[in-house]
Amino acid sequence: MIAWVLTTVAAGLLALAVFQKIVYPYFWDDLIYYLKLRKVGRVTSRRMKNGVITYLDCFVEQTRRIPEKPFIVFEDQVLTYGYVDRRSNKVAQVFRTVGRAKKGDTAALLMSNEPDFICVWFGLSKLGCQVAFLNFNVKSKSLLHCIDSCGAKVLIVGSDLVSSLDEVLSTLQDNGIDLWVVDTSTPHKGVHTLLDKMETASDAPPPAEGPPRTDIMSTFLLIFTSGTTGLPKAAHISHLKAVMCMCFLRLCGATPGDRVYVSMPLYHMSATLLGLGGCIDLGATCVLKRKFSASQFWKDCQKYDVTVFQYIGELCRYLVNQPKVAEETAHRVRIAAGSGLRPDVWREFRRRFGNVRIRESYGLTEASVGFVNYTAEPGPIGRAGYFNKLSLPFEFLKYDPVTYEPVRNDAGRCVKSNRGETGILVAPVTAMNPFLGYAGNRALSEKKLLRDVLREGDVYFNSGDLMLRDHRDFVYFRDRVGDTFRWKGENVATTEVAEVLGGVDFLQDANVYGVSVPGYEGRAGMAAVVLKPDQTLDGEKLYNHLRENLPAYSWPWFLRVQPALDMTETFKQRKRKLVEDGFCPQHVLEPLYFLHASERTYVPLTECLYDDIVSGKVRL
């Protein structure tokens, strides 16, 4: 009798297992990841109960626990947790005694990847300042806009970027900005030097001001993101958001013994909050690279004994397009964590570079919603099953393909998209998932919110990203709505590029958009332009104008010369047809031009040149 019961139970369990494998094959993957999230949440709660509330608190706690462990490895330098703590104290003491930065002020940081980026950032944070990370690619007008919009009272510039002040120095000084350069001397009058003053400064922590505990919902950082309005806008990053980001590497499987290679710009959230923050959370070591180099990458991995690295999709594509080197299989890298990896590159990367676990992900600067693909399935950014929505709620909404606005039913509520259907990703705004908005622009902040979405009174953050959820609950990134496109891992605002093109004396009008190019992630810039009467296209002059006013990733690679721009009845530029036409000479009857980078000019886009671009013979 007992044997019969056991046999029956075993058969039932086997049938249940088979049913689960067929109907919900990723049940255990989803459950294990959910439990891992819960465990991370408990660790964070325990820390907070012990007074470790913020990102900076976590760092200070690690300096007490592992002061002599390497924190930053940069070129030939090795900086321990304790050393970075003491050096950042020196920064804080200088600004407290000599500078004008004080608790509650916003300090803007314009620096390249180097250890002192971190020391200056932490030092200002120890004073209670909100630090704004500036993209070091921005030029004079955009730079002034960024500093003004975030309300910065202090600007700190790296020694290698001091020339950025040439055109804007007088304006900044007229606006009362306290200017500093991370050097011992400077050619600019009225600009303070930091390094010489740090030599004699105390390395003791600055005295605490105000209440001992920080409001975890208050602003910790300001990080600029390109949007549909043209110029960059500064998103408020709360202390809570920063602490949540620190868990990323742990969720990807990293451990305290890992050495994490970070080659992305530190002004990006992914580098500072996910990468560097992930190292602090674990007590791991960050191998910081000044600038990504595809040819040097695997050599660095071997030299610095890298075990984890962060990527964006383009980074991995560069690596698979490199000639083979011995180091690409003689390394200890076991995890690659990032976003934007195309499935074909994903498969080739795994085939060529050994047993590296890829953890594709998706996240937003402004809101706490994200995905991690913790499975071996190439292509998705994550999963959208039952357990996933328990941790960070989200929805996919149907949208109008012309306006990109969510579709609403007769009751005025938004409609959820179905499996296999592309929809707009939205996330509820709650106490644990706040949206703090953009600095200095309430209208733009309000524009990102959707109200009365599923029920009266609810509020959702509109990501502006189009996602597809398939029948297996995998989520795929499809596109970004609005006047932006993504190229070389950066968001490009079409209105900002169009404004710069408007400054060219032979151009009357311009409509900027992104087009797909075979073999490339994202979209390359293209512009439909109208020449002024009796004017011709001067490719060399246009190239020089772009070089002086825009970062390289924003430049239009293709031009389409039209007699007039197509406009809507409300005088908005039409882009959809232009995007569909692309840059093929056989489909576009108007003159086409291509940015020939080596010749520093625009040249006619012939069918032969088009074939070379599409085949990969000519690289962008």
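The values are calculated or read from the model by the stated rules, or taken from the named source; none is laboratory data. Predicted, not measured: the structure shown is a model, and the values here were computed from it. Every residue, glycine among them, receives a Cβ derived from its backbone with ideal geometry; neighbour counts consider all protein chains shown. These accessible areas exclude ligands, DNA and RNA; they are computed on the full protein's heavy atoms, side chains included. Shrake-Rupley method; radii C 1.70, N 1.55, O 1.52, S 1.80 Å.
Each row is one residue, and each column tells you yes or no for (1) on the phi < 0 side of the Ramachandran plot; (2) without any contact (Cβ under 8 Å) to a residue 12 or more places away in the chain; (3) open to solvent by 20 Å² or more (accessible area, probe 1.4 Å).
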position	(1), (2), (3)
Tyr311	yes, no, no
Leu319	yes, no, no
Val325	yes, no, yes
Val356	yes, no, no
Thr365	yes, no, yes
Pro380	yes, no, no
Glu395	yes, no, yes
Asp410	yes, yes, yes
Arg413	yes, no, yes
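Among the residues of segment 408-442 satisfying the criterion of being aliphatic (A, V, I, L, M) and touching a Ser or Thr at 6+ places or on another chain (Cβ under 9 Å), which is modelled with the lowest pLDDT? Lay out the reasoning, then the answer.
If we filter segment 408-442 for residues that are aliphatic (A, V, I, L, M), which is where we start, we get 411, 415, 424-427, 429, 431-432, 436, 439.
Then keep just the ones that are touching a Ser or Thr at 6+ places or on another chain (Cβ under 9 Å); that gives 424-427, 432, 436, 439.
On the way: Ile424: 95, Leu425: 95, Val426: 95, Ala427: 94, Met432: 76, Leu436: 87, Ala439: 86.
Restricting to residues being aliphatic (A, V, I, L, M) and touching a Ser or Thr at 6+ places or on another chain (Cβ under 9 Å), the top hit is Met432.
Just the residues that are assigned to a helix (DSSP H, G or I) and open to solvent by less than 10 Å² (accessible area, probe 1.4 Å), please, taken from segment 118-141.
Taking segment 118-141 as the starting set, the residues that turn out to be assigned to a helix (DSSP H, G or I) are 118-126, 140-141.
Passing the criteria: Ile118, Cys119, Val120, Trp121, Phe122, Gly123, Leu124.
Do we find that Glu456 is within 27 Å of Gly151 (Cβ to Cβ) and not in a strand (DSSP E or B) in this structure? Full working, then the answer.
Values: within 27 Å of Gly151 (Cβ to Cβ): no; not in a strand (DSSP E or B): yes.
It is false that Glu456 is within 27 Å of Gly151 (Cβ to Cβ) and not in a strand (DSSP E or B).
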For Phe461, work out the one condition from (1) in contact with a Pro (Cβ under 9 Å, 6 or more places away or on another chain); (2) open to solvent by 10 Å² or more (accessible area, probe 1.4 Å); (3) not in a loop (DSSP other than H, G, I, E, B) it doesn't fulfil. (2)
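If we keep just the residues of segment 323-343 that are closer than 23 Å to Pro265 by Cα and among the basic types (Lys, Arg), which is modelled with the highest pLDDT?
Initially, segment 323-343 is screened for residues closer than 23 Å to Pro265 by Cα, giving 333-342.
Keeping just the survivors that are among the basic types (Lys, Arg) gives 334, 342.
On the way: Arg334: 97, Arg342: 83.
The residue in question is Arg334.
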Being of a type in the set (Gly, Ala, Ser), in contact (Cβ under 8 Å) with a residue 12 or more places away in the chain, surrounded by 15 or more Cβ atoms within 10 Å (Cβ to Cβ) and in a loop (DSSP other than H, G, I, E, B), is that true of even one residue in segment 152-160? yes
Here the residues within segment 495-518 that are open to solvent by 40 Å² or more (accessible area, probe 1.4 Å) and not in a strand (DSSP E or B) are Thr495, Glu499, Gly502, Gly503, Asp505, Ser516, Pro518
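Just for strands (runs of 3 or more DSSP E) wholly inside segment 340-403: which have at least 3 residues that are in contact with a helix residue (DSSP H, G or I) (Cβ under 8 Å, 6 or more places away or on another chain)?
Details: elements: 357-363, 370-372, 395-397.
The qualifying strands (runs of 3 or more DSSP E) are 357-363.
Determine whether Gly616 is surrounded by 14 or more Cβ atoms within 10 Å (Cβ to Cβ) and at positive phi.
Values: surrounded by 14 or more Cβ atoms within 10 Å (Cβ to Cβ): no; at positive phi: yes.
Here the answer is no, as Gly616 does not meet what is asked.
It is to be established whether one or more residues within segment 418-429 are part of a loop (DSSP other than H, G, I, E, B), open to solvent by 70 Å² or more (accessible area, probe 1.4 Å), closer than 30 Å to Ala337 by Cα and in contact (Cβ under 8 Å) with a residue 12 or more places away in the chain.
Applying the first criterion (part of a loop (DSSP other than H, G, I, E, B)) to segment 418-429 yields 418-421, 429.
Checking which are open to solvent by 70 Å² or more (accessible area, probe 1.4 Å) leaves us with 418-419.
Next, from what is left, pick out any that are closer than 30 Å to Ala337 by Cα: 418-419.
Now drop any that are not in contact (Cβ under 8 Å) with a residue 12 or more places away in the chain, which leaves 419.
Yes, segment 418-429 has at least one match.
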Condition first: assigned to a loop (DSSP other than H, G, I, E, B), touching a Phe, Trp or Tyr at 6+ places or on another chain (Cβ under 7 Å) and among the hydrophobic types (A, V, I, L, M, F, W, C). Can you find one or more residues in segment 279-301 that meet it? yes
Consider only pairs whose beta carbons are under 7 Å apart and that are at least six residues apart or on different chains; among these, list those whose first residue lies in segment 575-602 and is within 15 Å of Leu546 (Cα to Cα) and open to solvent by less than 50 Å² (accessible area, probe 1.4 Å) and whose second residue is hydrophobic (A, V, I, L, M, F, W, C) and part of a strand (DSSP E or B). Phe594/Trp557; Phe594/Phe558; Phe594/Val603; Leu595/Trp557; Tyr602/Leu559; Tyr602/Phe594; Tyr602/Leu595
Restricting attention to segment 440-458, report how many residues are open to solvent by less than 40 Å² (accessible area, probe 1.4 Å) and either in contact with a helix residue (DSSP H, G or I) (Cβ under 6 Å, 6 or more places away or on another chain) or without any contact (Cβ under 8 Å) to a residue 40 or more places away in the chain (or both). 3
Checked segment 299-348 for anything farther than 17 Å from Ser263 by Cα and among the hydroxyl-bearing types (Ser, Thr, Tyr); matches are Thr329
Exactly one of (1) open to solvent by 60 Å² or more (accessible area, probe 1.4 Å); (2) in a loop (DSSP other than H, G, I, E, B); (3) in contact (Cβ under 8 Å) with a residue 60 or more places away in the chain is unmet by Ala564. Its number? (3)
Identify the residue in segment 337-353 that is farther than 19 Å from Val475 by Cβ and open to solvent by less than 60 Å² (accessible area, probe 1.4 Å) and, among all such residues, is nearest to the chain's Cα centre (by Cα). Phe349
